[in-house]
Amino acid sequence: MSEVKKKAYLAKEASHKLASITTEQKNNALTAIADALVLNKESIIEANKIDLMNGKQNGLSKSLQDRLALSTDRIIAIADGLRQIVDLKDPIGKTIEEIRPINGLYIKKITVPIGLIGMIYEARPNVTVDAAGLCLKSGNAVILRGGTSALSSNIRIVEIMHDVLDKTDIPKDVIQLISNPDRSSVNEMLTLNGLVDVVIPRGGASLIQNVIQNATVPVIETGAGICHTYIDKEANLTMATNIALNAKIQRPSVCNAMETLLLHKQFAETHFPQLANLYREENVDLKGCAKAKQLAPWINDATEDDYNTEYNDYTLNIKIVEHIEEALIHIKTYGTHHSECIVTENSQNAELFLHAVDAAAVYHNASTRFTDGFEFGFGAEIGISTQKLHVRGPMGLEALTSTKYRIHGTGQTKK
């Protein structure tokens, strides 16, 4: 039996045992895991150094190295995310609806775990902790298949979590990590119908498309983040500048970072040369349309392929538009339904943008960098869904539940 199938069987069996685990037991385990991660931060960082060294030798981009890197501060932040999950209400067993039809039945709709979640993701070891924590709190088992570039970090993190669970009533098999780096392990997980209840891919466009095209188990699509910021002609200059810089340079390697900046021509004619210089000072490679190049001749040409690219790096497209309608058309054409922003003091334009843009998160006067489970108060996130069924946007505890109808009768039979 393959590693993937063996661990899927173990996790599935363990998921049934979670039904008898109380909220207090889950919270105690999560708190203990958070404490253990901080206590063992040095060994995690040492394992992470191996991954970083291998990544550099294998030509891993600087942006992916940033996603991969762990530090004391990042480990503390990851542990804090677990503690925030502890503070959240248990999503399981919540009554959503009570129905009393004329046939005399008493029907109650409640939340239940999904079962076994399959996580496929790339060079972000924090996802290992976020996914495990959210799944445990929501009563789900999880089988993790992280990127090869983060294998040493992930192995050490899961070892720590297993050591903690061994001292609790929660079976450690609820958290499984696939160590086989071959791509075949991904494809096998995608076809484990009857064991894996849903797969959640989290990473670049190629990974997500591979999962969507090859999975026979249900998939929650977390799309690529080709995010836009549109600066309207009635934008506040200081606010617009701060948001435009933050959305690109605060952490360009993540999916909610801006990839294309749309500028109303009136704003651009007055302010783009100065803004372009600010980007240059931050070592951002600008690619612009013909109008943008007229205002800043030193920038590179933007192509059709550029507008369809999620850079996850210090590269930014610039597009100057005649009016808000042109900005909306551009976003409709190139957006990935992730996060979009308008900066304006015009309430009518703001409302038009908020209503017209089809995305999981649409912002008025705030950076797209806030599309994040922690920022939304979810403690952490298991991904950002860009589809419309069954969830959309940052996925926290509620997104990892299904429902069940419990029906009580007094001897009713169907006529």
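The values are calculated or read from the model by the stated rules, or taken from the named source; none is laboratory data. Computed from a predicted model, the values in this text were never measured in an experiment. Counting neighbours? That spans all protein chains shown, and the Cβs are built from the backbone with ideal geometry, glycine included.
Just one residue in the set Asn300, Asn283 is touching a Phe, Trp or Tyr at 6+ places or on another chain (Cβ under 7 Å) and of a type in the set (S, T, N, Q); that residue is Asn283.
Go over the candidates Ile85, Ile107 one by one and state the one that is touching a helix residue (DSSP H, G or I) at 6+ places or on another chain (Cβ under 8 Å) and β-branched (Val, Ile, Thr).
Matching residue, one of Ile85, Ile107: Ile85.
Pairs linking a residue in region 93-106 that is in contact (Cβ under 8 Å) with a residue 12 or more places away in the chain to a residue that is among the small types (Gly, Ala, Ser) and surrounded by 10 or more Cβ atoms within 10 Å (Cβ to Cβ), with Cβ atoms under 7 Å and 6 or more positions apart or on different chains, are Leu105/Gly409. Out of the residues in region 289-299 that are surrounded by 14 or more Cβ atoms within 10 Å (Cβ to Cβ) and touching a helix residue (DSSP H, G or I) at 6+ places or on another chain (Cβ under 9 Å), which is farthest from Leu275 (Cα to Cα)? Within region 289-299, the match that is farthest from Leu275 (Cα to Cα) is Lys291.
The residue list Asn317, Asn312 contains one member that is in a strand (DSSP E or B), surrounded by 17 or more Cβ atoms within 10 Å (Cβ to Cβ) and either touching a Leu at 6+ places or on another chain (Cβ under 8 Å) or not charged (D, E, K, R) (or both), which is Asn317.
Among the criteria (1) more than 29 Å from Glu326 (Cα to Cα); (2) in contact (Cβ under 8 Å) with a residue 60 or more places away in the chain; (3) not in a strand (DSSP E or B), the one Ile200 does not fulfil is (3). So is Ile45 buried (at least 18 other Cβ atoms within 10 Å of the Cβ), within 24 Å of Ile155 (Cα to Cα) and under 22 Å from the mean Cα position of the chain (by Cα) or not? Taking the combined requirement at face value, the residue does not satisfy it. Condition test on Tyr9, is it surrounded by 13 or more Cβ atoms within 10 Å (Cβ to Cβ), closer than 23 Å to Asp169 by Cα, among the aromatic types (Phe, Trp, Tyr) and modelled with pLDDT of 95 or more? Yes; evaluated as a whole, the condition is true for this residue. Based on what the data block shows, is Leu400 outside the structural domain of Ala244 (by TED's automatic domain parsing), closer than 25 Å to Glu98 by Cα and in contact with a helix residue (DSSP H, G or I) (Cβ under 8 Å, 6 or more places away or on another chain)? Yes.
Say we look at region 102-127 and pick out the residues that are outside any strand (DSSP E or B) and in contact with a strand residue (DSSP E or B) (Cβ under 6 Å, 6 or more places away or on another chain); which of these is nearest to Asn210 (Cα to Cα)? If you could, list the steps in order and put the result at the bottom.
Initially, region 102-127 is screened for residues outside any strand (DSSP E or B), giving 102-105, 114-115, 122-127.
Add one more test, that the residue is in contact with a strand residue (DSSP E or B) (Cβ under 6 Å, 6 or more places away or on another chain), and what stays is 105, 114, 127.
Details: Leu105: 46, Ile114: 23, Val127: 19 Å.
Applying the filter and picking the extreme gives Val127.
Before we move on, is Arg183 closer than 23 Å to Arg124 by Cβ, free of Cβ contacts under 8 Å to residues at least 12 places away in the same chain and outside the structural domain of Asp313 (by TED's automatic domain parsing)? The answer is yes for Arg183.
Conditions (1) over 20 Å from Gly396 (Cβ atoms); (2) polar (S, T, N, Q); (3) outside any loop (DSSP other than H, G, I, E, B); (4) in contact with a helix residue (DSSP H, G or I) (Cβ under 7 Å, 6 or more places away or on another chain), marked per residue:
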position: Ala8; (1), (2), (3), (4): yes, no, yes, no
position: Ala11; (1), (2), (3), (4): yes, no, yes, yes
position: Ala14; (1), (2), (3), (4): yes, no, yes, yes
position: Glu42; (1), (2), (3), (4): yes, no, yes, no
position: Asp51; (1), (2), (3), (4): yes, no, yes, yes
position: Gln65; (1), (2), (3), (4): yes, yes, yes, yes
position: Leu70; (1), (2), (3), (4): yes, no, no, yes
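Any chance region 146-168 includes a residue that's touching a strand residue (DSSP E or B) at 6+ places or on another chain (Cβ under 8 Å), under 21 Å from Glu398 (Cβ atoms) and either crowded, with 24+ Cβ neighbours inside 10 Å or among the hydrophobic types (A, V, I, L, M, F, W, C) (or both)?
Let us first name the residues in region 146-168 that are touching a strand residue (DSSP E or B) at 6+ places or on another chain (Cβ under 8 Å), namely 146-147, 154-155, 158, 161-162, 165.
So of that shortlist, the ones also under 21 Å from Glu398 (Cβ atoms) come out as none.
Within region 146-168, not a single residue is touching a strand residue (DSSP E or B) at 6+ places or on another chain (Cβ under 8 Å), under 21 Å from Glu398 (Cβ atoms) and either crowded, with 24+ Cβ neighbours inside 10 Å or among the hydrophobic types (A, V, I, L, M, F, W, C) (or both).
Kindly check whether there is at least one residue in region 343-364 that is touching a Phe, Trp or Tyr at 6+ places or on another chain (Cβ under 6 Å), crowded, with 23+ Cβ neighbours inside 10 Å and either part of a helix (DSSP H, G or I) or in the same structural domain as Lys265 (by TED's automatic domain parsing) (or both). I'd like the intermediate steps shown before the answer.
So in region 343-364, the residues touching a Phe, Trp or Tyr at 6+ places or on another chain (Cβ under 6 Å) come out as none.
Checking region 343-364: not a single residue is touching a Phe, Trp or Tyr at 6+ places or on another chain (Cβ under 6 Å), crowded, with 23+ Cβ neighbours inside 10 Å and either part of a helix (DSSP H, G or I) or in the same structural domain as Lys265 (by TED's automatic domain parsing) (or both).
Is it the case that Glu282 is buried (at least 17 other Cβ atoms within 10 Å of the Cβ) and of a type in the set (D, E, K, R)? Against the criterion (buried (at least 17 other Cβ atoms within 10 Å of the Cβ) and of a type in the set (D, E, K, R)), Glu282 does not qualify.
Identify the residue in region 189-235 that is within 24 Å of Ala14 (Cβ to Cβ) and of a type outside the set (A, V, I, L, M, F, W, C) and, among all such residues, is surrounded by the fewest Cβ atoms within 10 Å (Cβ to Cβ). Per the criteria, the residue is Gly194.
Restricted to region 249-262, and to residues that are within 22 Å of Leu354 (Cβ to Cβ) and in contact with a Leu (Cβ under 8 Å, 6 or more places away or on another chain), which residue is surrounded by the fewest Cβ atoms within 10 Å (Cβ to Cβ)? Across region 249-262, the extreme among qualifying residues is Thr260.
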